[in-house]
Structures are given as C-alpha cells and as structure tokens.
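Only one structure is covered here, and it is reproduced in the block below.
Just so it is clear, none of the values below were taken in a lab; they were calculated from the coordinates. The shown structure was predicted, so the numbers you read here are calculated from the model rather than taken from an experiment. For neighbour counting, all protein chains shown are included, and Cβ atoms are generated from backbone atoms with ideal geometry for every residue, glycine included.
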C-alpha cells in the first residue's frame, strides 16, 4: 500500500486497518511456522505496510 493511499484514509479507518493488518500478519507468521509460505516476502511487506500506517497515524495525531 502506498503512502498516498494511506494519507487519504481517515484516522478511524486507519486505526481499524492497522488492527486488521496486524491480525493478518500474526496469522501469516503462524501459518509460516507450520508450513513454509511460497512467498516469504509477504511477511516483510506486511510489516512495512503496518509501520507505514502507524507512522502516518502518529503524524496526524501529533498535528491534532
């Protein structure tokens, strides 16, 4: 997900999306420990997307 797409989201939507993405990442990690994923870069991409969303959320909360 691109930063420009994240910036278009409202704060509430952003918080909800972060929670959903964190849950998906946890599930992905558990599934990977049981049977290896074909594309392990998905875990890294998910982590970076979550970090990107959290950074933008922190910027917005700091402004308010």
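Going by alpha carbons, how many degrees (0 to 90, nearest 10) lie between the helix axis of 11-34 and the longest principal axis of the chain? Computed tilt is about 10 degrees. For residue 61, project a label point 7 Å along Cα to C-beta. Then give me every residue of the range 1-37 with its amide nitrogen under 14 Å of that point. Hits in the range 1-37 for residue 61 at 14 Å: 11-19.
With kT/(6 pi eta Rh) evaluated at 37 °C and eta = 0.692 mPa s, and Rh the Kirkwood radius from Cα pairs, the chain diffuses with a coefficient of 261 µm²/s according to Stokes-Einstein.
Rounded to the nearest 10 degrees, the angle from helix 41-63 to the longest Cα principal axis of the chain is 20 degrees. Take the Cα of residue 54, step 7 Å toward its Cβ, do the same at residue 22, and the gap between the two points is 0.8 nm.
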